[in-house]
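Student: Take a look at the following structure, please.
Where a number appears in this text, it was derived from the coordinates with a stated rule and is not lab data. This structure is a prediction, so every number in the text was calculated from the model and none was measured. Reconstructed Cβ throughout: ideal geometry from the backbone, glycine too, with neighbour counts over all protein chains shown.
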Amino acid sequence: MRYGDHQILTDINLKIRAHELFVLVGPSGSGKTTLIRMVNRLTIPTSGQVKVAGQDVAASNLAKLRLSMGYVLQTASLFPNLTIADNVTIQLEQQGCSKAERKRKAQQLLAAVGLKEKDYLTRYPAALSGGQQQRVAIARALATNPQLILMDESFSALDPVLRRQMQDLLLSLHAKHGMTVLFVTHDMQEALRLGDRIGVINAGRLQQVGTPQEIIEHPANAFVRDFFASARPRYGTLTDLLAATQPQPAVAGPLVTTVAEILRLPVCDGELCFSIAQQAYRLPVAKLLHYLGKREEK
């Protein structure tokens, strides 16, 4: 992508798998937003192709293309003159859904994002907090049951507590619905917590694509290593965790690729069970907390 003599993106070659939560991370001005905007043709590449489900977006009907995917911005971007119910279902109205069906869908979607429909359906955006507005924006993005949702710095304007809550919400919705999510952020901690895989971009070039564990333990170059350096002391790597806690073998457990994923697992009889590669482990919560405490002291 080029604007005049200014090169924005160079030689980007990237495939995002169906149903994965893919995070594109990099510093401000690295080209992340330009890249995500190409997916729904808000930005047209100078050369090359963008395909969704094998179809070149340049050859797609623009209205149908954008209705087929959700889009959540940094700000909720709700229509101030519409009720929350109407904001959530505005795309359904464009598709000709009846008023009764739109109300039913609004109730369902608001419940899915943790908002009680009786308290929010008839309210207007100005009456909601920033976090509540962002939940509504996510509900709106889910309204047409899209296979792809684009999220551009969607939580960056929220305070740390709300940001964590919204991350939890996204992880829960993704696990339940299995849609493909392309999530843009400049926060490496957020990338490590959310991403099935992470694409690291800098100065318009893709530096590395890999799982959170691969990015942390095997950075492709100095930029990736330095960019994620501040993320290492907080949780450490799975190798660090195993060495420090020496968990016992287990029969089975959910596959994890980062310490952050272990923190989201349910506790059973004071232990966490998980698998790394082909080996299953069980780890007492007390040992995990001790390990995390030592990490925070560094």
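Student: Taking a point 7 angstrom from the Cα of N81 along the C-beta vector, which residues in the stretch 93-107 have backbone N less than 19 Å away?
Tutor: Hits in the stretch 93-107 for N81 at 19 Å: 93-94.
Student: How many angstrom lie between the C-alpha centres of the stretch 28-64 and the stretch 135-214?
Tutor: Using only Cα atoms, the two centres lie 18 Å from each other.
Student: Hey, another quick one. Sorted from largest down, what three extents in whole angstroms do the Cα atoms of the chain have along their principal axes?
Tutor: The Cα atoms of the chain stretch 58, 53, 32 Å along the principal axes, largest first.
Student: With each pseudo-label sitting 7 Å past Cα toward Cβ, what's the R225-R41 distance in nm, one decimal?
Tutor: Simple spin-label model gives 4.4 nm for this pair.
Student: Counting helices only, and only those DSSP H runs with n ≥ 4, report the 222 nm mean residue ellipticity of the chain as the sum of -39,500 (n - 2.57) divided by its residues, in deg cm²/dmol to the nearest 500.
Tutor: -11000 deg cm²/dmol
Student: Would you list the membrane-span-like helices of the chain, meaning whole DSSP H runs whose alpha-carbon atoms span at least 15 Å along their axis and whose mean Kyte-Doolittle value is at least -1.0?
Tutor: Result, helices passing both filters: 130-142, 160-177, 285-297.
Student: Measuring from centroid to centroid over Cα atoms, what is the spacing of the stretch 90-113 and the stretch 246-298 in Å?
Tutor: 41 Å
Student: A further question follows. How much of the DSSP bridge set in the stretch 2-232 is antiparallel, in percent, rounded to the nearest 5?
Tutor: Counting only bridges with both partners in the stretch 2-232, antiparallel ones make up about 35 percent.
Student: Let me ask something else about it. For S98, S275, which order do you get if you count the other beta carbons within 10 Å of each Cβ and list the fewest first?
Tutor: S98, S275
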